[in-house]
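The structure appears below as structure tokens.
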Amino acid sequence: MNADIRSGTKNVYRARFNHFDTYCTELGVDPTTCTENVIVNFLTKLRKTFGYKYQTVSGYRSAISKYHLGLSGVPIGQTKNVKRL
């Protein structure tokens, strides 16, 4: 699964996904199968609470999408609301 990205990118993705995993643990949900709403709320929190810029939030979206199992065969980063965000 990770053969398509460089090792430095893997490290960034893993760190970002770990941040998301901590958020999901607090909610009591699995970060690899959680709903689209959990991800949208997390990404919104990054922007509004922490003031992360679009490019950083987009990087989080990519990292989450890399490890999330998707919804009905669609990668989570390509779902309607995650893309809109």
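Computed values, structure above
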{"read-out": "Top of Phe50, Phe17, Phe42 by mean-square fluctuation, Gaussian network on the chain, Cα under 10 Å", "value": "Phe50"}
{"read-out": "In order through the stretch 58-75: 3J(HN,Hα) via Karplus (6.51 cos²θ - 1.76 cosθ + 1.60), integer Hz, x for Gly, Pro", "value": "4, x, 5, 4, 5, 5, 5, 4, 5, 9, 6, 7, x, 10, 6, x, 9, x"}
{"read-out": "Accessible surface of the chain, 1.4 Å probe, proportion on carbon and sulfur as whole %", "value": "49 percent"}
{"read-out": "Percentage, to the nearest whole number, of Cα pairs in the chain over 22 Å apart", "value": "18 percent"}
{"read-out": "Per residue value of the accessible surface for the chain (all protein chains in place, 1.4 Å probe), Å²", "value": "63 Å²"}
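The values are calculated or read from the model by the stated rules, or taken from the named source; none is laboratory data. Because the structure is predicted, anything quoted here is derived from the model rather than measured. In case anyone asks, the SASA skips ligands and DNA or RNA and just uses the protein heavy atoms, side chains included. Shrake-Rupley method; radii C 1.70, N 1.55, O 1.52, S 1.80 Å.
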